[in-house]
Amino acid sequence: MLNKLIKAAPAAIIIVALALMLMLGRQYLDSKLPAMGGTYYKDFKSDAELEYKYSQPGEFDVESRTVETGDEVIGNLSVWYPKLAQGEKFPVIIVANPSALPASNYKPFFERLASWGFVVVGNEESQTGKGEGIDKTVDQLFGLVDTHPLREVIDYDRIGLVGYSQGGAGALAAVSVQKNSDKFKALFTGSAVCPDVAKDYGWTYDTSKIAIPYFMAAGTGDSDAGNDAEDVVGVAPYTALMDSYDSMDENVPKIRGRIVGAEHADVLKRCDGYMTAWMLYQLKGDAEAAKAFTGSDAEINGNANWQDVEKNL
């Protein structure tokens, strides 16, 4: 019997190795595929006027530029910004990528957001949970030489941060434990990996240290919320959102809410409208966008797409 097992071992090893190679090859190919179509936003539906308006493109035509960094972790930066008359500067939004999804794989997301009058920055980092890549991205932006063309459009005093999934954990780390945490003026996360899951991967953040306006969102689907009956561990359960919200100082503007029926993979597209409105409100002082969030008659309060909304605005 032992001899048979020994003779069979090489074949078994070959089969396992081939299976592993196929799996890794598929992951590599998937990482090169576009994450969304160029007009992905056309599929979004909402009866809420502001949510729908800000889910679509804005008024600016957009162009892009690559910044070579020489950094193996973040790769080159991709920067999208409005075409404009010389001398006008725009707020910056840095985006922390979801797992294994570099900025080059979801360009339409950046282009649409930039059309609302932002300089939107992405990198090629595939594992963003520690926030170190975001910290390096900030260093790169501040390290641009005075004659660099992007210096003409970047408003360094108005920088926002957006992160999804693992990138949500990375964004939280970037604003709470990384050295450039004081550079940010507004934060949005979609389905940020909750602390209980994040700590298993060595991702550390502290929401009690967040001192900038923060909008936290997640989906109500099992992949985000979890399901006790089926023993499903959620990526961003409701309890985690409540804990993050409650840990923050009450004097810091904050809002939490869950997207009805959204699974983890849906959240990036489903929260596009209010993510954009939040950044317009916080970084540009847009009074119309603010109506989505402020006061007892805030649009989000009566929006059928959202539930479990709590805010201090």
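We did not get these values from a lab; they are worked out from the coordinates using the rules stated. Quick caveat, the model's predicted, so the values are computed rather than measured. Cβ: placed from backbone, ideal geometry, glycine included. Neighbour counts: every protein chain shown.
Computed quantities for the displayed model
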| read-out | value |
| --- | --- |
| Per-peptide average of other Cβ atoms within 10 Å, ordering 243-254, 161-172 highest first | 161-172, 243-254 |
| Selection from SER244, ALA262, TYR81, by position along the positive dipole direction of the chain (Cβ) | TYR81 |
| Protection proxy ranking of 209-219, 268-278 - average other beta-carbon atoms within 10 Å, highest first | 268-278, 209-219 |
| Convex hull of segment 190-313 built on C-alpha atoms - directionally averaged projected area, nm² | 7.8 |
| Antiparallel content of DSSP bridges confined to the chain, in %, to 5 | 35 |
| Burial order of peptide ranges 181-191, 140-150 (average beta-carbon count within 10 Å, highest first) | 181-191, 140-150 |
| Cα→Cβ-extended label distance, 7 Å offset, between ASP243 and GLU152, nm | 4.9 |
| Estimated FRET transfer efficiency when R0 is 25 angstrom, pair ASP200-GLU250 (beta carbons, to 0.05) | 0.25 |
| Whole-Å distance, taken between Cα centres, linking segment 47-94 and segment 159-210 | 21 |
| Cα-based helix-to-principal-axis angle, 272-284 vs the chain, degrees rounded to 10 | 50 |
| Semi-axis lengths, Å, segment 46-311, gyration tensor of Cα atoms, sqrt of 5 times eigenvalues | 27, 22, 16 |
| Between 0 and 90°, nearest 10: helix 2-31 axis offset from the chain longest Cα axis | 20 |
| Extension gain (nm, one decimal) between ASP228 and GLN127, 0.36 nm per residue minus Cα-Cα | 33.5 nm |
| Helix 132-142 axis, angle to the chain major axis (alpha carbon atoms, nearest 10°) | 40 |
